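See below for the structure under consideration.
Just so it is clear, none of the values below were taken in a lab; they were calculated from the coordinates. Given the structure is predicted, the values throughout are model-derived calculations rather than measurements. Don't worry about glycine lacking a Cβ; one is built from the backbone with ideal geometry, like all the others, and counts go over all protein chains shown.
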Amino acid sequence: MSAMNVRSGFAPSGDVNIHFRHVGSRGKTPILMIHGMSFFSYDWMGVASALASDREVAAMDQRGFGESGWSPTRNYGLRQQAADMIAVMDKLGWEQAILMGHSAGGRIALCTASWFPARAKALICVDFAPDLAPPGRRKVADQIGRQPDVFSSVDEALAYHKQDPALPADAPMRKRFEAFLKPVPGGVQLKRDLHYRDQFRHVLETGKSHPPEVDAWELLKAITIPLLVVRASGSDLFAPETLPKVQAMNPRAVTEVVEGSHDLARDNPVQLSAVIGRFVASLG
């Protein structure tokens, strides 16, 4: 993570406390980021710091992820997740923010902007579009759905996620996994509620996806605030042919392609930050 001073806080929302990290000082419209299904706020602090030269930027942990609480009733619907974003804004004293979501977080940010229009100055979707490409969808379902309850060690968790288990102690990826794991009896566990694993396991076992909670294309079409949609050039979740569909559905959308895989915050934070920085500067 960046050397910029990172502050941490919690916002009560429903049946959990939502954890967030934030950087920067009061200035232009702040940015609130929300991560995707295999990530947490830690992953976005480099980009957050790059964008925080003239504003506050916060990255939140979704409920059930990172340092946020796990819902005892498994309340992980989009309505509640949108309310979580608003709860973080309220805690930070932000009347409005630029809402930014990566992957599954893009869907949450889109819903939040749609359902709380007075709170959203603009919307940024990073490698998220309503249509998920089949290769990436299968990969995510396989990786999360087959995840064990507990890994015997950090090394085993690295290997499971196709990272080198022999990484040295100071390697960024090892540090990242150490931050996304917690000690439990028998080893370490991902800081991601097993609810998500069970949802994907159901898909693998039955071959049936859960019906979508919202028509995300209709929400995207109705967005009237400034909108940036970024596709990763090597994404397996956002097909190239989907980008023109985004523009057709909402001609207001600014669309950009950034070199890298779905994990743009790690692959290409410099170009990603530059693209987002130009967009937010254009908002005035």
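Data for the structure
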read-out	value
Sites residue 202 and residue 281 - FRET efficiency at Förster radius 51 Å, r taken between beta-carbons, to 0.05	0.70
Linear extension gain, residue 249 paired with residue 217, 0.36 nm per residue minus alpha-carbon span	10.8 nm
Qualifying lysines (Cα of each under 21 Å from Cα of residue 208; at least 8 residues distant if same chain)	139
Note, ³J(HN,Hα) from phi for segment 273-281, Karplus 6.51, -1.76, 1.60, rounded to Hz, x at Gly and Pro	5, 5, 5, 5, x, 5, 5, 5, 5
HN-Hα J in Hz across segment 144-153 - Karplus 6.51, -1.76, 1.60, θ = phi - 60°, x for Gly and Pro	7, x, 9, 4, x, 4, 9, 9, 5, 7
Whichever lysines have a C-alpha closer than 22 Å to that of residue 121, once near sequence neighbours (fewer than 8 apart) are set aside	28, 91, 221
Candidates 229, 88, 140, ranked by Gaussian network fluctuation over the chain, Cα under 10 Å, top entry	140
Qualifying lysines (Cα of each under 16 Å from Cα of residue 191; at least 8 residues distant if same chain)	175, 182
The chain: most fluctuating residue of 170, 236, 149 per GNM, C-alpha cutoff 10 Å	170
Mean residue ellipticity (222 nm) of the chain, computed from DSSP H runs ≥ 4 via -39,500 (n - 2.57), nearest 500	-11000 deg cm²/dmol
Relative contact order computed over the chain (Cα-Cα under 8 Å; 6+ residues apart), in percent	17
Theoretical gain in end-to-end length, residue 138 to residue 210 [0.36 nm per residue, Cα-Cα removed]	24.5 nm
Most mobile listed residue (216, 50, 248) in the chain, GNM with C-alpha springs under 10 Å	248
Simple label model, 7 Å out from Cα along Cβ direction - residue 15 to residue 28, nm	4.1
Principal axis box of segment 136-206, alpha-carbon based, largest edge first, Å	41, 28, 15
In nm, spacing of pseudo-spin labels at residue 146 and residue 224 (7 Å Cα→C-beta vector)	4.8
Potential lengthening between residue 173 and residue 73 on full extension [0.36 nm per residue; Cα-Cα distance subtracted]	32.8 nm
Considering only the chain, percent of DSSP beta bridges that pair antiparallel, nearest 5	40
Efficiency of FRET from Cβ geometry, residue 131 and residue 4, R₀ 35 Å, rounded to 0.05	0.45
Segment 114-191: trypsin sites (Lys or Arg not before Pro) in DSSP loop, at most 15 other beta carbons within 10 Å	146, 162
Global geometry of the chain, whether rounded, prolate or oblate, following the gyration tensor of its Cα atoms and the 1.5 cut on a/c	rounded
Sequence-separation-based contact order of segment 136-206, relative, with Cα cut under 8 Å and 6+ spacing, percent	44
